[in-house]
1. Among the residues of the range A:292-317, count how many are within 11 Å of chain B (Cβ to nearest Cβ) and either under 30 Å from A:PHE125 (Cβ atoms) or in contact with a Leu (Cβ under 6 Å, 6 or more places away or on another chain) (or both).
2. Which one is nearest to the chain's Cα centre (by Cα), of the residues in the range A:256-267 that are more than 7 Å from every other protein chain (Cβ to nearest Cβ) and open to solvent by less than 10 Å² (accessible area, probe 1.4 Å)?
3. Do we have any residue at all in the range A:351-362 that's within 27 Å of A:ASP322 (Cα to Cα), in a strand (DSSP E or B) and within 27 Å of the chain's Cα centre (by Cα)?
4. Just give me the residues in the range A:402-436 being within 22 Å of A:ALA43 (Cα to Cα) and open to solvent by 60 Å² or more (accessible area, probe 1.4 Å), in sequence order.
5. If we keep just the residues of the range A:268-283 that are hydroxyl-bearing (Ser, Thr, Tyr) and more than 7 Å from chain B (Cβ to nearest Cβ), which is farthest from B:ILE20 (Cα to Cα)?
6. Would you mind finding the one in A:ILE325, A:ILE330 that is of a type outside the set (D, E, K, R) and farther than 30 Å from A:LEU123 by Cβ?
7. Quick one: which of A:SER190, A:SER157 is open to solvent by 10 Å² or more (accessible area, probe 1.4 Å) and at positive phi?
8. Of the numbered conditions (1) touching a strand residue (DSSP E or B) at 6+ places or on another chain (Cβ under 9 Å); (2) assigned to a helix (DSSP H, G or I), A:SER432 fails exactly one; give the number of that condition.
Amino acid sequence: MIDKKNKKIRIGSGAGYSGDRIEPALQLAKKGELDYLVFECLAERTIALAQQRKSLNPKMGYDPLLEERMYMCLPACIQNGVKIITNMGAANPVSAMEKVIEVAKNLGLKKLKVAAITGDEVLTFVQKNDYELLETKKTMSSLGNSIISANAYIGASAAVEALENGADIVITGRFSDPSLFIAPLVYEFSWSFNDYELLGKGTILGHLMECGGHITGGYFADPGYKDVPDLANLGFPIAEVTSQGSFTISKLPNAGGMVTTATCKEQLLYEIHDPKNYLTPDVIADFSEVTFKEVEKNKIEVIGGKGKEKTGKLKVSIGYEDGFIGEGQISYGGPGAIERAQLAISILKTRISTYLPEVKEVRFDCIGQNSLYGNTKLDINPYEIRVRVAARTSTRKEAIKIGNEVEALYTNGPAGGGGVFKNVQKVVAIQSILIKETLVQPEVHYKSL
Amino acid sequence: MKLREIAHSRTGDKGNIANISVVAYHDKDYSLLLKEVTVEKVKKHFSEVVKGEIIRYELPNISALNFVLYDALGGGVTRSLALDKHGKSLGGHLMDMSIKTK
């Protein structure tokens, strides 16, 4: 029997978002001496968009890069005994599972067991109850019939069950991001779901790892202040964990990027609010006593994570259709660029208020001057400036007219406008509710080669 | 002196709420962050952008502050009309804040 107390588990992060680079994941699968490779690919809104793809084709609705990722990474994972855990199932984990089996067959693999976890989809249920939306404090009925999806962030236990039943690959839909990393730890070390101290440490590990290259120097560089080597070949992180939940973060020696106490600190606070109370379906993690120690170059030990009992509530993302955004952009350059840009905006304001009365909300920017921070700094005089208008409309037809008004500045606006860009976007927005965890019953499906 | 000289930062988003970390390069400067990077100053610094409340969390364990900015993303990432819907660039502006060293 393997000595569980002394063994260490190595988990790699294979993606920080749906469209992330694939070759760093392949490098980890080949050379990372991993036990698990986790692909976190599901942002807040991704699943609502996936739900729309599924409604057009019931076989779709999983991550668009699933197939490519599997073709690239599966052979090395199988060869090296690396199990995969991913939320690339998005709105359709079962079809994703079938696709992975198909890919494995095409690759000539002989033996593979894939699990798909469903049950996060709770639309029918929550529509029967008029829950309060956390963002607006109004109830769900305020969104009328525009709701298209409702997915609960579920905890690690269903993935643990899949691993216990011998799954090589576990595919989920909406799943708490750090819980993707907790599942293998609970399974490997027989952690209890009542041991909140360990689950807290596991959650901090998951939080640090879930954004892929964010902790290896991606999204960190600021030349002259924070220099990062070889970002074009950024390596993704590896966590090496003990049964007591202590762990280090590192990367492959030849990969680009760096792991330092500074990259770890930035990522620890990324997208968190109260550091003492980081809520997940499994635990309330406490980041407030975490410290980082460099044990060797590019290897950081993470100390001091804690946790306390979970809330018993699950967050549910409600996806709803919210009209359209029409957008147009045009550039002005040379002396007087800003004056001509401002003239263009005043023309657009008049045109929109006169001819497009249905526009609900409109915003004008001078990119290069005030698009990011409003009128914080007006004492700058850029040599080139890009006018942008974005407007919210009820219909696509109306949204198209926004870009067309910008384009018409070519013949009706100030001198020298160039490089028009037009765009129309159907808006799928997200709000959230909380429901009791006992109302959600995850189910695990299996398919084997 | 600009905040950028002693601290670095990353910005994240959840719905219509942004958070900006301010991490001291050197532990010795944490007390300066505590004293100089106050909620009032941050509110003033972002008066053009942030419409709601601002909360500051203190993390002496890593010599860092975490600012949570409510109603900061033009209605939220998924429906905002802004160019930078996530507000990812907010931290860059915070680094431009002037601080007194004495």
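The values are calculated or read from the model by the stated rules, or taken from the named source; none is laboratory data. Fair warning: this is a prediction, and the values are worked out from it, not measured in the lab. Note: ideal-geometry Cβ built from the backbone for every residue, glycine included; neighbour counts use all protein chains shown. What goes into the accessible areas is simple: the full protein's heavy atoms, side chains included, and nothing from ligands, DNA or RNA. Shrake-Rupley method; radii C 1.70, N 1.55, O 1.52, S 1.80 Å.
1. Selection size over the range A:292-317: 2.
2. A:GLN267
3. No, the conditions are met nowhere in the range A:351-362.
4. Across the range A:402-436, the qualifying residues are A:LYS426, A:LEU434.
5. Step one: filter the range A:268-283 for residues hydroxyl-bearing (Ser, Thr, Tyr), giving A:270, A:278, A:280.
Right, trim to more than 7 Å from chain B (Cβ to nearest Cβ) and you get A:278, A:280.
Working: A:TYR278: 16, A:THR280: 21 Å.
Once the filter is applied, the top-ranked residue is A:THR280.
6. The match here is A:ILE330.
7. A:SER190
8. It is condition (2) that A:SER432 fails.
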